[in-house]
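Presented below is the structure to which this report refers.
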Amino acid sequence: MTAAARAVARHPLIRRLKALGFDPADFVVFGSGPLLAYGIRRNIQDLDVVARGAAWTRAVESGTPALGAITGDPCVQFWNGRIQFFRSWLTPDWDVDRLIDEGETVAGVRFAALSEVLAYKRLLARPKDLADLDAMAS
């Protein structure tokens, strides 16, 4: 395991995500989480997870129901909302199966492709997204 992967594996939110025991073939970390995995950010404050199949079912059974802040779509929260599971991502343009299947595995967790994160950050263009876009361009 590389030094970068070890740093990802040690991150408290990644450790908590892995501790849920969901099959990593059924979810992908999206939002800003991939920036940690790709070494663009050193820290993140929350994890947005897109899930399907058994991972989504288990999340619904064991987490706290909530609504996503951006779309209002149903989601499931863990650890006071610091980890949120969604079964779709913002618009139908993001195919859940493709996102998961094409994710890159780092430290045993799949992360959305950087190209997908770039598109997401451009779409929202919030101040934090613009800062991330600048960091990705560096």
For region 59-107, give the magnitude of the charge dipole about the Cα centre (Cβ charges: +1 Lys/Arg, -1 Asp/Glu; no others), in debye to the nearest 20. 320 debye
Have a look at ILE70, ILE83, ILE40 and tell me which one the Gaussian network model of the chain (Cα, springs below 10 Å) gives the largest fluctuation. ILE70
Given a cut-off of under 8 Å on Cα pairs at least six residues apart, what relative contact order in percent is computed for the chain? 26 percent
Neighbour-limited loop hits for trypsin sites (Lys or Arg not before Pro), region 1-102 (at most 14 other Cβ within 10 Å; DSSP other than H, G, I, E, B): ARG42
Quick one: among ALA55, ALA125, ALA107, which has the greatest mean-square fluctuation in a GNM of the chain with alpha-carbon springs under 10 angstrom? ALA125
Given a 10 angstrom Cα cut-off, can you work out which residue in GLY63, GLY53, GLY33 is the most mobile in a GNM of the chain? GLY53
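Nearest 0.05, what FRET efficiency do SER62 and ARG82 give at R0 = 25 Å with Cβ-Cβ as r?
Values: r = 15 Å, r/R0 = 0.61.
According to the calculation, E is roughly 0.95.
FYI, it's all coordinate maths here, none of it is from the lab. A quick note: this is a predicted structure, and the numbers were derived from the prediction, not measured. Cβ sites come from the backbone with ideal geometry, for glycine too, and all protein chains shown count toward neighbours.
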